[in-house]
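S.K.: Just passing along the structure, written as structure tokens.
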Amino acid sequence: MPDVASSSPTLEGFRAIVRNPSLVFAEIAWRWSFGAAALILSMCLVIEYLKTLSITRGDHLLLRSRHPLLVAQALGNIVRGSGVRLVEAGVVLLLALLLGWIVIAALGRAATLKMVLAYFGRQETQPSGLRSLMGLNFLRAAVTLAAVLGSLATFTLLDYARTPDEAATVFNLALLAIPLIWLVRTMLDWFLSLASVFVVADGAGAFAAIADAGKFFQHRAGAVFAVGTAFGLAHFGVLTAAGILAAFPLGFITVFPGQAVVLCLAAIALLYFAVADFFYVGRLAAYVSILTTPDIAPILTPAPPAPAPQSGRIDPDELILCDVPAPG
């Protein structure tokens with residue numbers, strides 16, 4: 001068990017994932033497995049949708065012309081009337097992926113947090129709380145879906161603009177509202193993710209874990225803010241580095257084959273996702289480190305109790321300063 005009292009939670013989080021890389025591998029295993037399944041299902045949806053499209057001889061001739069306007073006209077003719085099928089299939093796939101993510105993420109988070117708690121000496125006998133974790137994941141999915149719908153709804157207000165000036169004003173307000181919507185979504189998602197620690201550590205229910213997370217943040221706000229800032233800056237640095245690396249193959253897109261550029265971009269993306277998962281598990285470990293460290297507060301020496309009030313009668317046997325006899 002590490003000596004969490006003698007080190008900062010941020011360092012303990014990094015130390016936990018460095019000493020136990022299996023924590024990161026477990027996180028990557030369930031995240032990437034779900035991501036690969038979602039990608040394969042999405043590709044199958046696109047392929048099956050393309051099989052339903054019919055191309056006439058006229059559309060084929062327009063496509064062979066390679067003229068931008070004629071090609072656009074051919075594509076419009078091909079997909080005309082089939083958008084409803086694509087939307088329906090997309091909605092079904094999205095709901096299936098959300099349900100799958102709620103269950104798989106609950107199983108993965110329970111396994112990862114149990115390993116983190118064991119590293120810090122918290123051998124809990126509480127149940128894994130899969131139902132509570134699925135409830136938290138349902139709330140996270142609902143918050144994300146609400147953010148997406150809210151972002152799309154801001155642009156629907158453009159239909160109510162009557163003049164170009166009103167349309168420009170609505171568009172500018174939408175550009176300001178969307179970052180705020182996603183900022184609120186990020187904060188709520190972080191809070192619900194923190195609540196999962198109390199589900200696995202204490203066996204709390206979903207709403208009880210949310211309340212415990214609120215109390216935890218209230219009493220240990222400084223340490224939690226320091227951990228979030230440190231790992232957030234590290235994540236931002238990795239994201240910036242990934243963007244810079246991605247610019248190199250894009251700069252040679254006219255020199256190298258397209259397949260090579262795509263493979264380079266895919267490798268950079270996978271490397272970024274792996275490092276992001278590394279920091280995510282480290283942040284969870286840092287939160288558990290804070291949870292397992294007692295809150296050291298300054299101990300103030302209590303003031304001695306005030307003496308009981310004396311009655312008006314003076315005890316003749318009590319020695320007081322004025323009893324000193326006068327000289328002579």
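S.K.: What is the Cα centroid distance between the stretch 30-95 and the stretch 157-175, reported in whole angstrom?
M.R.: Distance between centres, Cα-based: 32 Å.
S.K.: Ranked by Cβ crowding within 10 angstrom, fewest neighbours first, how are ASP159, ASP189 ordered?
M.R.: ASP159, ASP189
S.K.: I would also like to ask the following. Taking neighbour Cβ counts within 10 Å as the exposure measure, how do ILE244, ILE102 sort from fewest upward? Working shown, then result.
M.R.: Details: ILE244 10, ILE102 18.
Fewest-to-most ranking of ILE244, ILE102: ILE244, ILE102.
S.K.: Kirkwood hydrodynamic radius, computed over distinct alpha-carbon pairs, for the stretch 125-206: how many Å, to one decimal? Present the calculation step by step, with values, prior to reporting the outcome.
M.R.: Working: mean 1/r = 0.0679 Å⁻¹.
Value: 14.7 Å, from the Cα pair sum.
S.K.: Grab the beta carbon distance between PHE207 and MET187, set R0 = 22 Å, and tell me the FRET efficiency rounded to 0.05. Provide the component values of the computation, followed by the final result.
M.R.: Numbers: r = 18 Å, r/R0 = 0.83.
FRET efficiency, PHE207 to MET187: 0.75.
S.K.: OK, next. Using the 10 angstrom Cβ neighbour count as an exposure proxy, how do LEU99, LEU284, LEU233 rank, fewest first?
M.R.: On the way: LEU99 13, LEU284 25, LEU233 10.
Final ranking by Cβ density, sparse to dense: LEU233, LEU99, LEU284.
S.K.: Please compute the contact order of the stretch 125-206 in relative form: average sequence separation of alpha-carbon pairs under 8 Å and at least six residues apart, divided by the residue count, as a percent. The partial results should precede the final answer.
M.R.: Numbers: 61 pairs, mean separation 46.0, N = 82.
Contact order relative to length: 56 percent.
S.K.: Arrange the peptides 29-37, 110-118 so that the one whose residues have, on average, the most other Cβ atoms within 10 Å appears first. The partial results should precede the final answer.
M.R.: Details: 29-37: 14.7, 110-118: 20.0.
Ranked from most to least packed, the peptides come out as 110-118, 29-37.
Laboratory data are not the source of any read-out in this text; all were calculated from the coordinates shown. Keep in mind that what you see is a predicted model, and the values were worked out from it rather than measured. FYI the Cβ positions are ideal-geometry reconstructions off the backbone, even for glycines, and counts take in every protein chain you see.
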